Every structure is written in C-alpha cells, then in structure tokens.
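For reference, the structure is listed below as structure tokens.
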Amino acid sequence: MGVAEDSEPPLKRVKGPLEESKSLPEDHSTTKSVSCSLGDQMARPLTSQGDGETIGSQGVIRKAEFIKIITRALYSLGYDKSGALLEEESGIPLHSSVVNLFMGQVTNGKWDDSVATLRTIGLSDEIMKSASFLILEQKFLELLKMEKVAAALDTLRNEIVPLHVNLDCVHKLASCIISPSQCIRLGISSQDTEGTKSGSKILEKLQKLLPAAIMIPEKRLEHLVERALDVQREACVFHNTSDSDLSLYSDHQCGKNQIPSQTLQILEAHKNEVWFVQFSHNGKYLGSSSKDHSAIIWEVKENGQVLLKHTLCGHQKPVLIVSWSPDDSQILTCGQDEVIRRWDVSSGECLHVYEKTGVGLISCGWFPDGRGIFAGMTDKSICLWDLDGRDLECWKGQRTLRISDMAITDDGKRIISVCRESAILLLDREAKFDRLIEEVDMITSFSLSKDNKFLLVNLMNQEIHLWSIEGDPKLISEYKGHKRTRFVIRSCFGGLDQSFIASGSEDSQVYIWHRCSGELLLALPGHSGAVNCVSWNPGNLHMLASASDDGTIRIWGLDRFNLKGGEQSNGSNHHCNGRS
C-alpha cells in the first residue's frame with residue numbers, strides 16, 4: 001500500500017504487542033487529517049461489528065476475524081494510519097478497550113494495575129494465574145533491582161506464592177533475595193528490568209499465553225499465507241522449483257516441464273559400456289566409470305554445458321564406481337576385483353593406489369572428514385585406511401558381497417553395506433552393534449539419502465524399495481515400472497528436497513517417480529542400451545545424468561534449456577535438441 005507524504009505525525013497506534021495501545025478520540029487532529037484526505041467517499045463506521053458475518057465462497061471465514069488479522073498485519077508492517085482507518089471504517093476494533101488498557105499498562109510497567117485489569121478480561125483460572133505470574137515476577141525483579149528487598153519479599157509471599165504455579169521458579173526467585181547474584185545465574189540481565197523494554201518482553205510472553213481471540217498473534221496473516229503455500233507445495237506432484245519462485249498472485253502448480261526430461265548433451269568419450277556416473281557434492285563436476293578401464297572427470301560449466309576435464313587411466317580392469325571426497329577436491333576410482341586409486345580433481349594426477357595382497361577390492365567411499373577411505377573386499381571384509389594406506393580398522397566375516405555398494409553416514413558412526421544377497425548391514429562403529437534390512441529378493445544396489453535417514457534399495461525382482469533407517473529399519477515406499485533382468489541397475493534421490501526417485505533400466509529408458517506418492521511420472525527414451533546408473537545434480541535441480549551400455553552419458557534438462565540448431569559434434573560431445 002502506497003502512503004503519501006504527510007506533514008502530520010503518524011498515529012500513535014500500537015504496532016504489535018510490544019507497544020502501548022492508545023485510544024483515538026474523535027477530535028484527534030491527526031485522525032481528522034487522514035480522514036479528510038480520503039475525501040467524502042470514505043464509508044462511515046458500521047454500527048455492527050459483523051461478528052456473525054462470513055465471507056469467501058465457502059462461507060467459513062468469519063468477517064470480523066479476517067478484518068482483525070488484516071489490521072494486525074498493517075500495524076506489524078508499520079502502516080499505522082492504514083490500520084487505524086481500517087478499524088474506523090469497518091467498525092471492528094483490533095482489540096477490546098479492556099485489552100488495549102491492559103496492554104498499555106503492561107508496556108508502561110504498571111504491574112499492579114495490569115494484574116487488576118487482567119481479572120476483568122474473562123480468562124480461565126489457569127491462564128489468569130499463569131499470566132499474573134509473569135507480570136508479578138517482573139514486578140519482583142524490578143523491586144530487587146531498586147534494592148527494595150522488603151517490598152520484593154512482600155510481593156513474593158502475598159502475591160506470587162498464592163497463585164500456586166511455577167513452584168520451581170518461585171524457589172529460584174526466593175534464592176535471589178538471599179543472593180542477588182543468583183539472578184545472573186538464572187539468566188536474568190539488567191536489561192530485563194529496564195522500563196518499557198521489560199514491559200515489551202512481558203507483553204511478548206503474554207501474547208503466547210493468552211487466547212488468540214483476545215490478543216491477535218503477531219504475524220498471524222504471514223503464518224496463514226505460509227501455510228497455504230506449504231499446502232500448495234506439498235500437493236504439487238512435479239514441484240521442483242525454489243521457494244523464491246512461489247507467488248501469491250496465483251495458486252502454485254508445477255508442470256512436467258520442471259523435471260529434467262530432454263536430452264541436452266550426449267557425452268561420448270568412453271570407448272565401452274558406461275557403468276557408473278555421479279555428480280560431485282557441489283554439482284560442479286561429474287564423474288563416470290566404464291568397462292573400458294577408465295574413469296572421466298567432467299566439468300559442469302555455469303551455462304550448463306558439461307565438458308571433459310580429465311581422463312583417468314591406470315586401471316587394468318573395468319572401473320566399477322567413483323566416489324567424490326567431501327570437499328570435491330579428490331576422487332576415488334575402484335577397479336573390478338582390483339585396486340582403488342585416489343586422484344586430484346584439479347590436475348588429474350593419481351595420488352595413491354590402495355591394494356591388499358591376494359584380495360580384490362569391490363567398493364569404496366570416504367570418511368566424512370575426508371581423512372581416510374573405506375573399502376569392501378572380495379574376502380567379504382570391510383577395511384578402513386588413512387589417506388596414506390595405513391590400516392585403521394577392519395571387520396572380518398560376511399560383511400560384503402562381490403557385487404556390493406557401501407556408504408557411511410555423515411557423522412561417521414554407521415557403515416552400510418550389502419552383507420547377504422537379500423540383506424543390508426547397518427554397522428554401528430561405536431556401539432559395535434549391527435542392524436539388518438531383510439529384503440524379499442536379491443539386492444543389486446542401494447543409495448543413501450542426503451540426510452542419512454533413508455536408503456533406496458534396488459532389487460532383482462524389478463522393484464525399488466525406500467527404507468527409513470532411523471531406529472529400527474522400516475519399509476516406506478515401493479517403486480515399480482522399470483526393467484531389470486540381468487545387470488546391476490542403480491537409482492538415486494534427486495530434485496528439490498530429494499523429492500524424486502530416478503533409476504536406470506534395461507529397456508534403455510530413465511524412469512522418474514514421485515518419492516512420497518510412488519507415482520511413476522516419466523519414462524525417458526533416448527539411450528540405445530541398458531541404462532546402468534543415473535545421478536541428479538545436487539547443485540542444479542534441473543540436471544540429470546544417465547550412463548548406458550551404449551557407451552554414452554546423457555545430460556537431461558528442461559525444455560527451455562534446449563540448445564538450438566540440432567545435433568552438433570564437439571569432439572566427444574553432442575549437443576541435442578530433443579530426446580534423440
């Protein structure tokens with residue numbers, strides 16, 4: 001609402017529960033000035049407050065409450081004149097005269113008067129006692145500060161104690177009389193007993209205690225609008241935009257165009273099947289590994305293009321997976337039944353090779369602090385090494401399988417691995433306690449959510465299961481529709497708040513489900529071979545990568561990001577306009 005400049009001072013209306021509310025007499029000069037500026041067309045005050053009237057298409061919004069909430073918002077926003085005029089024009093005051101008197105007394109530190117007025121408002125006995133306690137406690141503390149010990153003691157004995165509430169606090173207040181320094185230990189500062197500051201703070205506490213119908217809560221309108229936006233956001237199946245894109249002008253509803261569904265690039269640098277792909281934590285890099293014995297670091301440019309940065313050679317066997325360090329400055333590559341190599345992302349240099357005589361390595365990952373790595377072995381053990389390859393811990397026994405994913409929670413306390421064909425081990429390093437997720441079929445892969453609370457498990461029976469792993473494991477959702485008969489297919493969380501599930505499939509498509517509802521949203525064609533792995537860019541809600549047996553990596557994005565001009569060869573890159 002625009003406000004024209006006015007030489008008269010603003011109305012001294014209370015902006016919220018922290019300032020005194022003053023009445024506006026009819027002959028107040030400021031009120032006359034504002035009223036006249038609106039012209040003769042301003043409606044006169046209504047004789048009825050419209051308590052029984054409703055507005056809105058469904059007739060469930062009480063008009064009086066609606067107007068009071070708007071008035072409260074105007075004062076909170078600093079539009080005192082507009083708030084006062086809305087009260088006058090509607091004939092619906094924000095607060096009753098008794099509540100206005102009470103708020104003014106509290107703000108000005110008139111403790112005895114405010115307690116007396118409180119009794120006339122019409123509160124329940126429990127609320128009135130609790131509210132009286134807050135006021136009298138402040139009175140007690142101010143008397144102590146003024147060194148009026150006898151008066152403070154009288155207030156405690158004859159006013160606070162008879163309320164029979166907050167007995168623990170009463171004992172602490174009594175200790176303040178014996179030892180004034182106790183007030184400091186209780187967290188009561190001198191600022192808590194300074195004039196209007198103390199009154200404002202007490203009024204803020206009272207507002208949370210008194211019924212909303214008596215004292216309208218601060219920012220009530222903002223809260224209602226935020227809840228409405230929350231409901232719209234939660235009901236939006238395709239929601240994948242930041243909150244800054246939400247608008248009050250229309251109901252929010254994302255379309256499928258907010259889900260990456262169009263091929264923007266085809267990356268063809270690998271010479272054989274691409275088995276694994278993963279974006280770095282910051283989304284600025286993409287790592288891939290292949291049956292061609294190599295891994296590649298790709299760089300994601302600011303304009304969304306993905307360009308080859310380093311080809312990592314040195315493995316003698318196919319590279320199963322890659323794993324980014326917590327700060328994305330290094331990357332691990334794990335050869336099939338071979339060794340683990342640690343690389344510098346900036347230079348592409350191999351920094352260390354991890355191996356164990358007579359034992360092959362099948363999976364790997366990083367400590368949360370980046371100071372060490374963990375690995376699954378072909379002898380079904382799990383080992384932890386520092387960056388120089390020194391053994392730190394080792395768990396023997398049936399801890400992993402030959403086809404095995406591994407993960408460690410961000411607090412470093414739990415290691416997760418496939419320990420049997422149909423079971424996942426949740427190993428607590430501190431408590432030395434194991435939990436198991438027992439599945440109905442053979443497990444082929446899994447993925448840990450960003451918040452470490454959920455596990456996405458791919459099964460041989462062409463199902464993907466979502467498990468909660470807080471406390472005892474619990475199956476939450478199932479996702480179906482993709483194809484898997486022979487190969488290891490990997491899925492991932494993605495999108496805003498990881499609200500979507502994406503997966504590869506042996507029918508050459510990428511599948512995307514809504515995480516909460518389990519609804520299959522999209523099946524994306526384009527690859528000419530099985531899609532082994534997918535990764536959703538954590539730094540770009542609208543970028544998805546897929547790796548396939550056709551030897552390519554596809555970068556998926558939104559329709560409006562399509563590059564124009566058809567396919568163009570750029571070394572090992574193809575830019576695409578569409579899905580083919």
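The values are calculated or read from the model by the stated rules, or taken from the named source; none is laboratory data. From a predicted model like this one, the values you see are computed outputs, not experimental measurements. A quick note on method: Cβ atoms are made from the backbone with ideal geometry, for glycine too, and the neighbour counts reach across all protein chains shown. The protein model used for the area step is the full one, side chains on, heavy atoms only, and it has no ligands, DNA or RNA in it. Shrake-Rupley method; radii C 1.70, N 1.55, O 1.52, S 1.80 Å.
Brief remarks on what is shown
- Whether a residue is closer than 12 Å to I202 by Cα, in contact with a helix residue (DSSP H, G or I) (Cβ under 8 Å, 6 or more places away or on another chain) and part of a helix (DSSP H, G or I) was assessed, and L101 does not pass this test.
- The condition of being assigned to a strand (DSSP E or B), in contact (Cβ under 8 Å) with a residue 12 or more places away in the chain and farther than 26 Å from T241 by Cβ holds for only one of T444, T485, that being T444.
- Where H239 falls short, out of the listed (1) in contact with a helix residue (DSSP H, G or I) (Cβ under 8 Å, 6 or more places away or on another chain); (2) exposed (fewer than 14 other Cβ atoms within 10 Å of the Cβ); (3) not basic (K, R): (2)
- Screening E142 on (1) in a helix (DSSP H, G or I); (2) under 45 Å from the mean Cα position of the chain (by Cα); (3) more than 22 Å from S200 (Cα to Cα) shows it passes everything except condition (3).
- Unmet criterion (only one of (1) on the phi > 0 side of the Ramachandran plot; (2) over 24 Å from the mean Cα position of the chain (by Cα); (3) of a type outside the set (S, T, N, Q)) for G471: (2)
- Condition met for I331 (in contact with an Asp or Glu (Cβ under 8 Å, 6 or more places away or on another chain), without any contact (Cβ under 8 Å) to a residue 60 or more places away in the chain, open to solvent by less than 10 Å² (accessible area, probe 1.4 Å) and not basic (K, R)): no
- The set of residues from segment 410-430 being open to solvent by 80 Å² or more (accessible area, probe 1.4 Å) and either part of a strand (DSSP E or B) or among the acidic types (D, E) (or both) comprises D410, D411, R420, E421, E430.
- Residue check, F433 closer than 24 Å to M543 by Cα and aromatic (F, W, Y): no
- The residue that is least open to solvent (accessible area, probe 1.4 Å), among those in segment 440-485 that are in contact with an Asp or Glu (Cβ under 9 Å, 6 or more places away or on another chain) and of a type in the set (D, E), is E463.
- The residues of segment 295-314 that are open to solvent by 10 Å² or more (accessible area, probe 1.4 Å) and either at pLDDT 95 or above or closer than 18 Å to I362 by Cα (or both), listed by number, are E299, V300, K301, Q305, L307, L308, K309, H310, T311, C313, G314.
- Members of segment 459-489 found to be at pLDDT below 95 and closer than 26 Å to K291 by Cβ, listed by number: L459, M460, N461, Q462, H482, K483, R484, T485, R486, F487, V488, I489
- Matching residues, segment 279-294, being buried (at least 24 other Cβ atoms within 10 Å of the Cβ) and under 25 Å from the mean Cα position of the chain (by Cα): F279, S280, L286
- Residue check, I160 over 19 Å from D112 (Cβ atoms), surrounded by 10 or more Cβ atoms within 10 Å (Cβ to Cβ) and either more than 38 Å from the chain's Cα centre (by Cα) or modelled with pLDDT of 90 or more (or both): no
- Only a single criterion out of (1) at negative phi; (2) open to solvent by less than 30 Å² (accessible area, probe 1.4 Å) is not satisfied by G348, namely (1).
- Subset of segment 351-368 that is within 17 Å of R414 (Cβ to Cβ) and touching a Gly at 6+ places or on another chain (Cβ under 7 Å) - its residue that is least open to solvent (accessible area, probe 1.4 Å): S363
- Boolean, I92 is assigned to a helix (DSSP H, G or I) and out of contact with any Pro (no Cβ under 7 Å at 6 or more places or on another chain): no
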